[in-house]
Amino acid sequence: MEAMTLLHERSSMGKLAGPVPDREQLDALYRAALRAPDHKELMPWRFIEFSGTGLDRLGELFAESEAHSNPQADEKQLESTRKKPKRAPLIIAVIARVTPDLAKVPPIEQVLSAGCAAHAIVLAAQAQGLGAMWRTGSFAFDPVVREGLGLAEHDAIVGFIYLGQPGGRFRTPPVRDPADFVECWS
Ligand SMILES: Cc1cc2nc3c(=O)[nH]c(=O)nc-3n(C[C@H](O)[C@H](O)[C@H](O)COP(=O)(O)O)c2cc1C
């Protein structure tokens, strides 16, 4: 797909099916992510890839977090939470590995860099005919999930990128007029 078309027309795909993207496609996604803009070359990125039983383990962690934050949750609710990662054959958790107290690169810049890496994954997925959906939900900010994924104190989960074969048609993206967003000082 031509680069400008991809940038103008990228769309999320919530309906995702198997088969799991192959290793070559995944490597291409990561290589795109690893070109995220990165002040001082800190490479503040970490990726955890879940597929197969890995998705079950992530679902278990989500259910544990739900039970912790909502002790009223019954088994039916927990089971529905447990199944959430199964909405895709593969998920990549994108984590900002943040070094605090750097004079020139405050934490927000490191998190932004990881956000750019996440967007690169989403774009590179669509460029290869895959579908992708960036999700956070409450789980990205939950202490149980953070601990389960091994985050350090200042790290952040910037997203769970759900990936797979598109299970439907990509929606036609809304047309937005740059003039509504851009102020020119010329
Ligand atoms: C940081 C971040 C977190 C998001 N979390 C969720 C989420 O938890 N659930 C959801 O339905 N969409 C979430 N979205 C939005 C979707 O990824 C998507 O952008 C939105 O549905 C609009 O579709 P589009 O990307 O095709 O314009 C999130 C987006 C970002 C950037």
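Miscellaneous remarks
- Just one residue in the set ALA36, ALA63 is surrounded by 18 or more Cβ atoms within 10 Å (Cβ to Cβ) and over 24 Å from ALA127 (Cα atoms); that residue is ALA63.
- Selection count, region 128-154, where residues are surrounded by fewer than 19 Cβ atoms within 10 Å (Cβ to Cβ), within 15 Å of the ligand (Cβ to nearest atom) and of a type in the set (A, V, I, L, M): 1
- Residues of region 66-104 satisfying the condition of being touching a residue at least 24 places away in the same chain (Cβ under 8 Å), open to solvent by less than 50 Å² (accessible area, probe 1.4 Å) and in contact with an Asp or Glu (Cβ under 9 Å, 6 or more places away or on another chain): PRO85, LEU90, ILE91, ILE92, ALA93, ILE95, ALA96, VAL98, PRO100
- Search result, residues across region 113-141 that are touching a residue at least 60 places away in the same chain (Cβ under 8 Å), part of a loop (DSSP other than H, G, I, E, B) and in contact with a strand residue (DSSP E or B) (Cβ under 9 Å, 6 or more places away or on another chain): LEU130
- Restricting region 136-158 to residues that are on the phi < 0 side of the Ramachandran plot and among the small types (Gly, Ala, Ser), the residue that is modelled with the lowest pLDDT is SER138.
- Among the residues making up region 3-15, those that are part of a helix (DSSP H, G or I), open to solvent by 40 Å² or more (accessible area, probe 1.4 Å) and not polar (S, T, N, Q) are ALA3, MET4, LEU7, HIS8, GLU9.
- Residue in region 46-59 that is within 14 Å of the ligand (Cβ to nearest atom) and surrounded by 18 or more Cβ atoms within 10 Å (Cβ to Cβ) present: no
- Every pair of residues 6+ apart whose Cβ atoms lie under 7 Å, when the first sits in region 155-179 and is within 10 Å of the ligand (Cβ to nearest atom) while the second is open to solvent by 10 Å² or more (accessible area, probe 1.4 Å) and part of a strand (DSSP E or B): GLY159/TRP134; GLY159/ARG135; PHE160/ARG135; ILE161/TRP134; TYR162/LEU16; TYR162/MET133; TYR162/ARG135
- Pick from region 159-180, criterion modelled with pLDDT of 95 or more and among the aliphatic types (A, V, I, L, M), ranking: most open to solvent (accessible area, probe 1.4 Å): ALA179
- Test: residue in region 16-25 that is surrounded by 14 or more Cβ atoms within 10 Å (Cβ to Cβ) and either within 16 Å of the ligand (Cβ to nearest atom) or under 30 Å from ARG176 (Cα atoms) (or both): yes
- Out of GLU183, GLU109, sole residue that is more than 15 Å from the ligand (Cβ to nearest atom), in a loop (DSSP other than H, G, I, E, B) and open to solvent by 60 Å² or more (accessible area, probe 1.4 Å): GLU183
The values are calculated or read from the model by the stated rules, or taken from the named source; none is laboratory data. All values derive from a computational prediction rather than experimental measurement. Cβ sites come from the backbone with ideal geometry, for glycine too, and all protein chains shown count toward neighbours. Each accessible area value is taken on the protein alone, full model and side chains, heavy atoms only, with ligands, DNA and RNA left out. Shrake-Rupley method; radii C 1.70, N 1.55, O 1.52, S 1.80 Å.
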